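> Okay, here's the structure, questions in a sec.
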Amino acid sequence: VKYALDTEQFWLKAGYSFGEDNTNEEIREVFVGKAFGDLSVHAGVLSSTNKIAVTGVAHDTENLSFEFTGEYALGEHTLGATYYNNSNEDKAANTTVDSHGISLAGMFAVANKTTLYSGYELVLSSSDAAGTVDGDASRFYAGVEYKFSKWARVFAEGAYVFEETTTADAKVDSKTDFGLGARFYW
């Protein structure tokens, strides 16, 4: 179930996804936004409940997150920043993982239908489970998007994931990822 209200100065989007007899997550979300000239801001709250049984193991988690994003338009270019907070409670294990993230990104028009984009993301996590440490994850990405019509575009992207530490005190090696894709709009 989704609802949207959009005016020239304010927008509201809300959604609800049924848990369907514990075969899908139950999700509730509300997002609001407003433009102030070249500055656009939006914020949202998402809550989910997961009681899906996978390979005989029952999950019982609740997730609560919120985000706040600001974007500033500089002609055909856009700069943006997002703050994100997430709390994931595992009721079966009686633990909670809290995460805080920040993203900085930009989109730069370089030709009539071509845009370069880039960004950096940092996520810091902590858990109240015994024997855990604070975790960190960060990545840098850059890509190019070509709009070959108003209903379709293609893109190529590369990302570098820096060495990470999980809350279980495990080190994850740095790596490089690449992606190619297309989007079609109906």
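> Which one of Gly131, Gly119 is assigned to a strand (DSSP E or B) and either under 19 Å from the mean Cα position of the chain (by Cα) or more than 27 Å from Val30 (Cα to Cα) (or both)?
Gly119
> Something else: On the basis of being without any contact (Cβ under 8 Å) to a residue 40 or more places away in the chain, at negative phi and open to solvent by less than 50 Å² (accessible area, probe 1.4 Å), does Ala105 make the cut?
Taking the combined requirement at face value, the residue satisfies it.
> Tell me which residues, restricted to the stretch 136-159, are over 23 Å from Thr69 (Cβ atoms) and either touching a residue at least 40 places away in the same chain (Cβ under 8 Å) or surrounded by 13 or more Cβ atoms within 10 Å (Cβ to Cβ) (or both).
Tyr146, Val154, Ala156, Gly158
> Still on this model: For the stretch 108-126, what are the residues that are open to solvent by 30 Å² or more (accessible area, probe 1.4 Å) and under 18 Å from Glu89 (Cα atoms)?
Val123, Leu124, Ser126 - these are the residues of the stretch 108-126 that are open to solvent by 30 Å² or more (accessible area, probe 1.4 Å) and under 18 Å from Glu89 (Cα atoms).
> Right, next: Please work out if Thr7 is modelled with pLDDT under 90, of a type in the set (Ser, Thr, Tyr), within 30 Å of Ala109 (Cα to Cα) and surrounded by fewer than 16 Cβ atoms within 10 Å (Cβ to Cβ).
yes
> Determine which single condition Lys91 fails, assuming it passes every other condition in (1) open to solvent by 80 Å² or more (accessible area, probe 1.4 Å); (2) of a type outside the set (A, V, I, L, M); (3) at positive phi.
(3)
> OK, next. Return yes or no: is Thr78 surrounded by 15 or more Cβ atoms within 10 Å (Cβ to Cβ) and modelled with pLDDT under 95?
No: the conditions fail for Thr78.
> Further question on the same structure: Which residues, taken from the stretch 18-55, are open to solvent by 50 Å² or more (accessible area, probe 1.4 Å) and of a type in the set (Gly, Ala, Ser)?
Answer for the stretch 18-55, where residues must be open to solvent by 50 Å² or more (accessible area, probe 1.4 Å) and of a type in the set (Gly, Ala, Ser): Gly37, Ala53.
> Follow-up question, since we're still on this one. Which of the residues spanning the stretch 160-170 are outside any strand (DSSP E or B) and either open to solvent by 60 Å² or more (accessible area, probe 1.4 Å) or aliphatic (A, V, I, L, M) (or both)?
Phe162, Glu163, Ala168, Asp169, Ala170
Conditions (1) among the polar types (S, T, N, Q); (2) in contact with an Asp or Glu (Cβ under 6 Å, 6 or more places away or on another chain), marked per residue:
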{"site": "Ala14", "(1), (2)": "no, no"}
{"site": "Phe18", "(1), (2)": "no, no"}
{"site": "Val32", "(1), (2)": "no, no"}
{"site": "Phe36", "(1), (2)": "no, no"}
{"site": "Ser48", "(1), (2)": "yes, yes"}
{"site": "Lys51", "(1), (2)": "no, yes"}
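> Any residue at all in the stretch 42-58 that is over 25 Å from Thr96 (Cβ atoms), in contact (Cβ under 8 Å) with a residue 12 or more places away in the chain and under 20 Å from the mean Cα position of the chain (by Cα)?
So far as the stretch 42-58 goes, yes, one or more of its residues are over 25 Å from Thr96 (Cβ atoms), in contact (Cβ under 8 Å) with a residue 12 or more places away in the chain and under 20 Å from the mean Cα position of the chain (by Cα).
> Now a separate question. I'm told Ala58 meets every condition in (1) of a type in the set (A, V, I, L, M); (2) touching a Lys or Arg at 6+ places or on another chain (Cβ under 9 Å); (3) open to solvent by less than 60 Å² (accessible area, probe 1.4 Å); (4) at pLDDT below 95 except one. Can you identify the failing condition by its number?
For Ala58, the failing item is (3).
The values are calculated or read from the model by the stated rules, or taken from the named source; none is laboratory data. Just so it is clear, the model here is predicted, and its values are computed rather than measured. Note that we place each Cβ from the backbone using ideal geometry, even for glycine, and neighbour counts take in every protein chain shown. Quick note on the areas: whole protein, heavy atoms, side chains included, nothing else; ligands and nucleic acids left out. Shrake-Rupley method; radii C 1.70, N 1.55, O 1.52, S 1.80 Å.
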